[in-house]
Amino acid sequence: MKPKTYNRNKLGYIEGVMSIAINIILFGLKFWAGMMSGSIAMIADSWHTLSDSITSVILLVGVKLSSKKPDRQHPYGHGRAESIAAIVIATLLFIVGVNFLKESLIKFGTDKTPEFKKIAVYIFVASAVIKEIMARFAIWAGKKTNSDVLKADGWHHRSDAITTAIIIIGFFAYSKYSWLDGLLGVVVSGFIIYSAYEVIKDASKSILGSTMPDDLKDRICNMIEKEYPRVDDAHHFHFHSYGEHTELTMHIYMPGNISLKNAHDIIESLENTLYKRFGLYTTIHPDYKSGKN
């Protein structure tokens, strides 16, 4: 049975619009709390949150471009526009991390200790919870629709949630250690930079090309073994992903004395089955073993 499908564009638009609206609100609250407290870590985290809104705009553009129909210049569609958008998101994330790393290192040279009020703590606790919920939704949607850009946006949300949680922990020690604000700023910046690296690494695989997932290959081979007794040893898999459009080429062994028509019918049936169950556009090349029935 073919797995349940999800509307990639619909989930992308929902996540993008929701992210833009919520992040702008959280940015305003967190920036106000950071300015009121005089904390570089809090101010850095507020801009990290705002950068989520910017990347969500890029997400919407990526979803729109990737949904365009195939044309003469792009016969497999525009699905890889999502991977390009994901790399743009990660690049912006990296720039944010580097800028606040510099600011945090400068903060080490000052003795000024941030002064927090309860409202600031409440704002950051609420932000951490909300951002983790948004991250779970975006990553879930990205996995269900095989969307790099949705998963990238989800990890951006999660990095914001974690860095906010780190700052919350620091609230209780700032009064004793004036240098802690700078240290937490460095930690936040490092996490942002690492998150950017992970997103770029994953999105680049789609553009540069990657091997077929082992679990998918095993499922296909098991299906062929059970349902196509005249087909033997599926091999030489070539896997090409273009967002929602995935191309697969493969070789199979068939009996050497099989008629051309029977071979054609079996291959056509197998190609249709692979599309219905796995969503793969497949081209199969038959090899023959003499004397195999």
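The values are calculated or read from the model by the stated rules, or taken from the named source; none is laboratory data. Treat the numbers as computed from the prediction; the structure is a model and nothing was measured. Heads up, the Cβs are rebuilt from the backbone with ideal geometry, glycines too, and the neighbour counts pull from every protein chain shown.
Computed quantities for the displayed model
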item: Of all residues in segment 231-263 being among the polar types (S, T, N, Q) and surrounded by 14 or more Cβ atoms within 10 Å (Cβ to Cβ), the one that is modelled with the highest pLDDT; result: Thr249
item: Inter-residue pairs, beta-carbon under 9 Å, first in contact (Cβ under 8 Å) with a residue 12 or more places away in the chain and farther than 12 Å from Asp202 by Cα and in segment 147-167, second surrounded by 22 or more Cβ atoms within 10 Å (Cβ to Cβ) and of a type in the set (Phe, Trp, Tyr), 6+ apart; result: Thr164/Phe124; Ala165/Phe124; Ile167/Phe124
item: Residue match in segment 50-68 (condition: modelled with pLDDT of 70 or more, more than 17 Å from the chain's Cα centre (by Cα) and closer than 30 Å to Lys117 by Cα); result: yes
item: Every residue from segment 69-110 that is modelled with pLDDT under 70, of a type outside the set (Ser, Thr, Tyr) and either closer than 23 Å to Leu180 by Cα or not in a loop (DSSP other than H, G, I, E, B) (or both); result: Ala81, Glu82, Lys107, Phe108, Gly109
item: Qualifying residues in segment 139-157 (those that are aliphatic (A, V, I, L, M) and surrounded by fewer than 24 Cβ atoms within 10 Å (Cβ to Cβ)) - the one farthest from Val88 (Cα to Cα); result: Ala141
item: Scan of segment 261-282 for residues that are under 28 Å from the mean Cα position of the chain (by Cα) and of a type outside the set (A, V, I, L, M), ordered by number; result: Tyr275, Lys276, Arg277, Phe278, Gly279, Tyr281, Thr282
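Yes/no per residue for (1) at pLDDT 85 or above; (2) assigned to a helix (DSSP H, G or I):
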site: Lys112; (1), (2): no, no
site: Glu115; (1), (2): no, no
site: Ile119; (1), (2): yes, yes
site: Tyr122; (1), (2): yes, yes
site: Ala126; (1), (2): yes, yes
site: Lys131; (1), (2): yes, yes
site: Phe137; (1), (2): yes, yes
site: Ala141; (1), (2): yes, yes
site: Lys151; (1), (2): no, yes
